[in-house]
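Below you'll find the structure, written out as structure tokens, and then a few comments.
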Amino acid sequence: MLILKLALRNIQRNRRRSLLTVLSMGGGYFLLSLMLSMTEGSYSNMIDLFTRDHTGHVQIHKSNYLDRPSLFKRINNSAALIALIQEDPQVVSVTARIYGPSLAYGKNKTFPANVIGIDPQRESATTYLKKKVNQGVYLSNGMTVNGYFPAMMGKALAKNLHLNVGDELVLISQGVDGSIANDIFEVVAIVGTSESYERMNVYLSLNGMRQFLSMGGQVHELVISLHHHSLAQKFSENLQSTLQQDDLKVSSWQQVEKVFYKSMQLDKKGNYVSMGIIIFIVSIGVLNTVLMGTLERTREFGVLRAIGTQPVGIFKLIMLESLFLSLVSCFSGLLVSLPVNYWLTVEGIAMPQPVDMGGVLFESMRGEISWFTIGVPALVVIGSTLLVSLIPGIRAARISPLQALQAV
Amino acid sequence: MSHVIETKKLCRSFGKEETLVKALSDVNLIIEEGEFTAIIGPSGSGKSTLLQLVGGLDEPTSGDIFLDSKKISQMSGTELSDFRRDHIGFIFQAYNLIPVLSAEENIEYIMLLQNVPAQERSKRVKEILQAVGLQGKENRRPAQLSGGQQQRVAVARAMVSQPRLILADEPTANLDSHTGAALLDMMKQLNEKENMTFVFSTHDPMVMERANRIIKLHDGCIVGDERRSA
């Protein structure tokens, strides 16, 4: 196609100017890609840490449990549900939890504690809890040698109660039958830090918790870990329709951690404003280049029009030139951004101090390479280039052949 | 012989009221098929304006222009583009070739607009390059050709689509006399061989020598119309 040749050769006509434009647009692509990579990568890392810390990707509760938790809102057939969910290939693991706010007593001090009954094996496959044991040994299902159910304590609570591994812990709560629940447990591990999510938690095995609260086989929560957090929303929707139980509510991590998710979305929008500013600056440069290029060639457009080229043909030529420039720019930007983004994805930037977000510590900022971080900057650069080229394109297309031929 | 061009009471003015300039006044003209016509006259007499109007590059203030009995003075911009592409060839004083295209591509361009098949395009380009004596220079860009060679490419571009009319606005003005004469001889030969109609706007005596009709313009009016055997 001669029009393609014409467009390519017109770009090569003023190589220095074309090169500067490519550098400017390629730079824009690089910055956009870097920003998207850091934003997506950091949030992806953050979401991964958050969900693997304790939330999981999807949770199942009795209806309205998340808004108004209650000891009495229990899931009855948890074993059958776990077996059903585990069949899905997207699922990595499923675990059950029982919650019982209690009063913890030890060494003459009393503090409120959030007591959680967990399945030790399933929990360690679903969250990082096992990795957070910093003193003692991870929870087991059986009894200790002293004949008590074992308990793991958050560091802050253990410190407040002056308890250590091997000490006795007394918990007082309300049983599901209305009785006062109280029992002695043996501290087998201290978990987390003074700031982490589990700082005021006590972890018991499901058996220990059920006996403590006089509960049957029910649980309060099922936590599901998937292969990737991005699968959560679709998975929870599908599972909700599969369950066909109105009294059960399947929630993705976005619903469970509403505040975190909303603040993340807000932050992302803020980044889009910065990206808009970058692309605006790049677009002004592109507009200048295309305008200069068309002004210089006014006489040529006159000739093309005089010998019978339709206005749309001239418009197409200018848009093609801009498209080629933007494609070359995106390719050059990609060549530079890809290794940088790869390094950010693999190595990341270590933060001078770990940042605490909701009890989860973030130690490094990471990038991400995906179709989103590669494709969106390309679409934005190409789109904005074509958009700013509309003005010179229309101007050149509407030119009067006679006036153009008389141009100096 | 059929009328290729016919103008009726053709007027073209520029400016308004006190600054009004009448470039052409009531020009009635008929150009027959196969004529090799020179429009002569001093600067400002309206030669170029007449060519621009006949070529559909400009619109008349009043009057009508017919090309092959089609009224072009009332055509829209798009219709005029198509009409120029299919019926008129232009040769400009400053050659006006597309600098980024080779001689061959400059000639081929108009046939691409006409959707001529590739094989036919290639054949016609070869023939016309031979006719204008530019074999072996088809891949050169305008900047790599002399003024005379560029004007030959321009002539080839104007003729390759076999239009009914070729309008040449002072085609020899930028050429030396030897090159200009050779170019005019070539056009005259093509005119005789292909029976194409040529209309020149010129000051050049060499064009007048070869023309079989000379129309004199003065202050926008035809003041002389001489037919002669070439």
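Every number in this text was worked out from the coordinates using simple rules, so none of it is lab data. This one's a predicted model, so the numbers in the text were calculated from it and none came from an experiment. Backbone-built Cβ (ideal geometry, glycine too); neighbour counts: all protein chains shown.
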With N residues in the range B:135-195, Rg(alpha-carbon) / (2.2 N^0.38 Å) equals 1.12
Between the residues B:Ala154, B:Asn174, B:Ile91, the Cα farthest towards the positive end of the dipole of the range B:73-192, that dipole coming from +1 and -1 charges on the beta-carbon of Lys, Arg, Asp and Glu, is from B:Ala154
Across B:96-102, the residue-averaged tally of Cβ atoms belonging to other chains within 10 Å stands at 6
Measuring from its Cα centre, the range A:96-190 shows a charge dipole (+1 at each Lys and Arg Cβ, -1 at each Asp and Glu Cβ) which, in debye to the nearest 20, is 460 debye
PRE zone check, label point 7 Å out along Cα-to-Cβ of A:Asp48, amide N under 18 Å, scope the range A:79-98, hits A:91-93
One can check that the equivalent ellipsoid of the range A:95-169, built from the alpha-carbon gyration tensor with semi-axes equal to the square roots of five times its eigenvalues, has lengths in Å, largest first, of 20, 14, 13
Computed for chain A: size of charge dipole around the Cα centre, +1 on C-beta of each Lys and Arg, -1 on C-beta of each Asp and Glu, debye to nearest 20, value 1980 debye
To the nearest 10 degrees, the tilt of helix B:103-113 (Cα long axis) against the first principal axis of the alpha carbons of chain B is 60 degrees
Simple SL model, points at 7 angstrom along Cα→Cβ for A:Glu87 and A:Gln353; separation in nm is 5.2 nm
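Based on Cα coordinates alone, diagonalise the gyration tensor for the range A:26-124, multiply each eigenvalue by 5, take square roots, and list the semi-axes in whole Å, largest first.
In descending order the semi-axes read 36, 22, 13 Å.
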Between B:Phe200 and residues 5 or more places away or on another chain, the pairs with built amide H atoms under 5 Å apart involve B:Thr37, B:Ala38, B:Ile39, B:Ala168
Along the range B:47-60, Karplus-curve 3J(HN,Hα) (6.51, -1.76, 1.60; θ = phi - 60°) to the nearest Hz, with x for Gly and Pro, reads 4, 5, 4, 4, 5, 5, 5, 5, x, x, 8, 9, 10, x
Expressed in angstrom, Rg and Dmax over the Cα atoms of the range A:70-219 are 15.0, 50
Semi-axes (Å, rounded, descending) of the ellipsoid equivalent to the range B:1-90 per its C-alpha gyration tensor are 22, 16, 12
1/(1 + (r/R0)^6) with r = Cβ-Cβ of B:Ser146 and A:Arg398, R0 = 35 Å, i.e. FRET efficiency to nearest 0.05, evaluates to 0.50
Mean separation of Cα contacts under 8 Å (at least 6 apart) over the residue count of chain B, i.e. the relative contact order in percent, is 29 percent
Over 23 Å (Cα to Cα) among A:Lys5/A:Lys316; B:Lys8/B:Lys216; A:Lys62/A:Lys159 -> A:Lys62/A:Lys159
Once A:Asp167 and A:Val340 are pulled to full extension, the length gained, defined as 0.36 nm per residue separation minus their Cα-Cα distance, is 57.1 nm
Applying the gyration tensor rule to the Cα atoms of the range B:41-161 (axes a ≥ b ≥ c; rounded if a/c under 1.5, else prolate if a/b exceeds b/c, else oblate), the class is oblate
Expressed as a whole number, the average count of other chain Cβ atoms within 10 Å around the Cβ atoms of A:304-315 is 6
For A:Trp253, A:Trp343, ascending order of other Cβ atoms within 10 Å (fewest first) is A:Trp343, A:Trp253
The alpha-carbon center of the range A:258-285 and that of the range A:303-369 are separated, in whole Å, by 15 Å
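Given +1 on the Cβ of Lys and Arg, -1 on the Cβ of Asp and Glu, and no further charges, what dipole in debye does the range B:3-227 carry about its Cα centre, rounded to the nearest 20? Walk me through the numbers before you get to the answer.
On the way: 26 positive and 31 negative charges, 80 e Å.
I would put it at about 380 debye.
Using only Cα atoms, figure out Rg for the range B:16-66 and give it as a multiple of 2.2 N^0.38 Å.
1.25
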Expressed in Å to one decimal, the Kirkwood Rh of the protein assembly as shown from all distinct alpha-carbon pairs is 31.7 Å
Computed Rg/Rh for the range A:203-307 (Cα atoms; Rh = Kirkwood radius) stands at 1.45
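By Kyte-Doolittle mean hydropathy of at least 0.0 and Cα axial length of at least 30 Å, which whole DSSP H helices of chain A are selected?
Values: long enough: A:15-50 (50 Å, 0.50); A:258-296 (56 Å, 0.74); A:311-346 (51 Å, 1.53); A:371-397 (36 Å, 1.68).
Span-like helices, by this rule, are A:15-50, A:258-296, A:311-346, A:371-397.
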Between the Cα axis of helix B:118-131 and the main Cα principal axis of chain B, the angle (0 to 90°, nearest 10) is 80 degrees
Scoring chain A by relative contact order with C-alpha pairs under 8 Å, at least six apart, yields a percentage of 26 percent
Stretched fully, the stretch from B:Glu120 through B:Val21 gains (0.36 nm per residue minus C-alpha distance, one decimal, in nm) 31.0 nm
Using eta = 1.567 mPa s and T = 4 °C, Stokes-Einstein with Kirkwood Rh from Cα pairs puts D for the range A:171-240, in µm² s⁻¹, at 85 µm²/s
Cα convex hull volume per residue for the range A:326-408, in Å³, equals 161 Å³
Over the range B:3-227, the quotient of the Cα radius of gyration and 2.2 N^0.38 Å is 1.01
Expected integer from the mean partner chain Cβ neighbour count at 10 Å over A:1-14 is 3
Dimensionless Rg/Rh of the range A:118-162, both radii on Cα and Rh by Kirkwood, sits at 0.98
One finds the C-alpha centres of the range A:35-65 and the range A:204-253 to be spaced, in Å, by 16 Å
Sorted on mean Cβ neighbours within 10 Å (highest first), peptides A:16-25, A:300-309, A:320-329 come out as A:300-309, A:320-329, A:16-25
If each part is reduced to its alpha-carbon centroid, the range A:73-114 and the range A:129-152 end up apart, in Å, by 16 Å
Residue span A:Ser214 to A:Gln255: 0.36 nm per residue of separation minus Cα-Cα distance leaves a gain in nm of 11.7 nm
Helix B:177-194: inclination vs chain B longest Cα principal axis, degrees, rounded to 10, gives 90 degrees
For the range A:254-401, the percent of all C-alpha pairs falling in each 5 Å bin, from 0 up to the bin holding the max distance, is 2, 8, 12, 14, 14, 12, 9, 8, 6, 5, 4, 3, 2, 1, 0
Dividing the mean separation of Cα pairs under 8 Å (6+ apart) by the residue count of the range A:325-408 yields a relative contact order in percent of 28 percent
The long-range amide H neighbours of A:His220, using H built 1.01 Å from N in the peptide plane and a cut-off of under 5 Å, are A:Ile75, A:Arg97, A:Ile98, A:Tyr99
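Can you give the translational diffusion coefficient of the range B:107-225 in µm²/s, computed by Stokes-Einstein from the Kirkwood radius over Cα pairs at 10 °C and 1.306 mPa s? Display every interim value, and only then the final one.
Numbers: Rh = 15.4 Å.
The calculation lands on 103 µm²/s.
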